[in-house]
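The values are calculated or read from the model by the stated rules, or taken from the named source; none is laboratory data. Given the structure is predicted, the values throughout are model-derived calculations rather than measurements. Neighbour counts run over all protein chains shown; Cβ positions are idealised from the backbone, glycine included.
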Amino acid sequence: MGAASVDGPNGEMIQSTGAMFGRFSAELLPQLGEWERQLLEDPGQLEIVERDVQQAFLRGAGLMIAGLVSVTIQSPKLLDAAEQTRQDFSQPLEKGRERRISVNVLGGVVMWVTSLYCQARRSPSERTDQAGFGVYKHPPTNNRTYQFPLSV
C-alpha cells in the first residue's frame, strides 16, 4: 500500500533508507575529486566549493528523509493507526483509495508518495456538484491528519 519514489510518479519505489544512503554516496563520490581539483587550482574558490558541498549534503539529507518516510509508511503499525483514524474521524469516511501525491523535502528532493485517501461518505441523495472534504490516512511527513477540500 504505502510506497514512495524520488524518481517521478511512476519511478522505482524506495526499498530502504540504506538504499537512499547508497544513492547519495554514489552521487557524491564523483564530486569529491572535482572539489579537490578546484581548490588545488585556486584556493580562493573555497567559498564556492563550500556552498556546493552544502547543497550536495542538503540533497543527501532529503534522500535520507525520503528513505525514512518510505519505510515508515510501509509499517504495519502505521497501517493500523491509519485505519483507526478513519474509524474515529468526526465524519463518516469511505474506505481508503490509493492516490499519489508529490511531497517536497530537503535539498529540492521531490518524493512521490502513494497513500490512502479517504473521501467523506455521502448519501445517495447528496448532489455530486457539492464541495466536500477528505482525509489522507497516511500523512507523508508526520502523524497529523490532514483535511483537504475536495471538489466533486
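Side notes on the structure shown:
- For Ser70, the criteria (1) surrounded by 19 or more Cβ atoms within 10 Å (Cβ to Cβ); (2) farther than 25 Å from Leu29 by Cβ; (3) hydroxyl-bearing (Ser, Thr, Tyr) hold in every case but one, which is (2).
- Every pair of residues 6+ apart whose Cβ atoms lie under 8 Å, when the first sits in region 16-27 and is loosely packed, with under 12 Cβ neighbours inside 10 Å and in a helix (DSSP H, G or I) while the second is modelled with pLDDT under 95 and not hydroxyl-bearing (Ser, Thr, Tyr): Gly18/Gly67
- Set Ala61, Ala82: member being under 30 Å from Ala120 (Cβ atoms) and surrounded by 12 or more Cβ atoms within 10 Å (Cβ to Cβ): Ala82
- Residue check, Glu12 acidic (Asp, Glu), more than 30 Å from Arg121 (Cα to Cα) and at pLDDT 90 or above: no
- Count of region 68-91 residues, restricted to those that are touching a strand residue (DSSP E or B) at 6+ places or on another chain (Cβ under 8 Å) and among the hydroxyl-bearing types (Ser, Thr, Tyr), is 2.
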